[in-house]
Amino acid sequence: VDDLLLLSGGLESTALAALERPSCLTIDYGQVPADGEVAAAQAVAHALDLDHHVVRVDLSLTGSGTLASSAPASEAPSEEWWPFRNQLLVTVAAAWALPRGYGRILVGSAAGDAFHQDGTSGFYDLLSALLKYQEGDLQVAAPAIEESSLALLRRAALKRELLGWTFSCHRAAVACGDCPGCNKRRGVLHDYGLWATA
Ligand SMILES: [Zn+2]
């Protein structure tokens, strides 16, 4: 089956792009850093010589938290949590993928995402079962769901030249350097040996 990877331009989806060599899709769903994600994903896909597509669908009215530039919902497990975000994104990707003949949606969730329910293997099992129940027999897979971001980077053996394009900011289209997304990226790259400290 042909795979379609949700490529945000972050470390994990970039590693999966390198490992799995799927077609790639970036969704601008109205998140504040959308332009940064699209630019990073385009650069990553170009560097890896992979197909890349962009779908723009404004879901900003459904958002809350940092990515929507508003206060987090009271249920939010972290400031950047957007209610049902991964469900929304996989659904948009699946609807786009079905008439184009893809068989599987890949997502870059890793072990460190399990602090929210839509970053767990249980969630993706349920979502995949729901897709398979419907027309088209699509599946969703999270190949790195049991793996730390660092282990995933090591497995993909990503080079500095590629990692330099990655982007994880939650607050702006140009990396702010001081949000949970930027801080996590910097920490993983440091542990990977690619961040010079003063
Ligand atoms: Zn940031």
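Please find the FRET efficiency linking residue 84 to residue 39, where r is the Cβ-Cβ separation and R0 is fixed at 35 Å, and quote it to the nearest 0.05.
0.85
Loop only by DSSP, 12 or fewer other Cβ within 10 Å of the Cβ. Give me the trypsin sites (Lys or Arg not before Pro) in segment 124-189 that pass, ordered by residue number.
For trypsin sites (Lys or Arg not before Pro) across segment 124-189 that sit outside H, G, I, E and B with at most 12 neighbouring Cβ atoms in 10 Å, the list reads 159.
Below 10 angstrom from the Cβ of residue 192, what's the summed charge of the other residues (Lys, Arg +1; Asp, Glu -1)?
My count for the surroundings of residue 192 gives +1.
If I stretch the segment between residue 184 and residue 55 completely, what's the gain in nm (0.36 nm per residue apart, minus their alpha carbon distance), one decimal?
Between residue 184 and residue 55, full extension yields an extra 43.8 nm.
If Lys and Arg each add +1 and Asp and Glu each add -1, what is the summed charge of the other residues whose beta carbon sits under 15 Å from the beta carbon of residue 117?
Spelling it out: positives minus negatives among the neighbours equals -4.
Taking the simple approach of a point 7 Å from Cα along Cα-to-Cβ for both residue 195 and residue 48, what is their distance in nm?
In this crude label model, residue 195 to residue 48 measures out at 2.1 nm.
Taking every pair of alpha-carbon atoms in segment 85-167, give the share separated by more than 22 Å as a whole percent.
Pairs farther apart than 22 Å: 34 percent.
Any idea what diffusion coefficient the chain gets from Stokes-Einstein, in µm²/s, Kirkwood Rh on alpha carbon pairs, 25 °C, 0.890 mPa s?
For the chosen part, D equals 146 µm²/s.
Filter the GluC sites (Glu not before Pro) in segment 103-198 to those in DSSP coil with at most 16 other Cβ atoms within 10 Å of their Cβ, and list the result.
Hits after loop and neighbour filter: 135, 146.
What shape does segment 53-108 have by the C-alpha gyration tensor, where a ≥ b ≥ c are the square roots of the eigenvalues, rounded means a/c under 1.5, and otherwise prolate means a/b greater than b/c and oblate the rest?
prolate
Mind giving me the FRET efficiency for residue 129 and residue 100? R0 is 25 Å, r the Cβ-Cβ distance, nearest 0.05 is fine.
0.65
Can you tell me the FRET efficiency between residue 137 and residue 73 if r is taken as the Cβ-Cβ distance and R0 is 30 Å, rounded to the nearest 0.05?
Efficiency at R0 = 30 Å is approximately 0.35.
Based on a Kirkwood Rh over C-alpha pairs, give the Stokes-Einstein translational diffusion coefficient of segment 132-198 at 37 °C and viscosity 0.692 mPa s in µm²/s.
In µm²/s, the coefficient is 234.
Arranged from highest to lowest average of other beta-carbon atoms within 10 Å per residue, in what order do the peptides 66-75, 82-91 appear?
The peptides rank, most packed first, as 82-91, 66-75.
Give, as a single signed number, the net charge of other residues whose beta carbon lies under 12 Å from the beta carbon of residue 150, with Lys and Arg counted +1 and Asp and Glu -1.
Residues close to residue 150 contribute a combined charge of +1.
Could you give the nm distance between label points at residue 21 and residue 91, where each point is 7 Å from its Cα heading toward the beta carbon?
About 3.5 nm separates the two model spin labels.
Rule-based calculations on the coordinates, nothing more; no lab input. What you see is a predicted model, and the numbers here were worked out from it, not measured in a lab. Neighbour counts run over all protein chains shown; Cβ positions are idealised from the backbone, glycine included.
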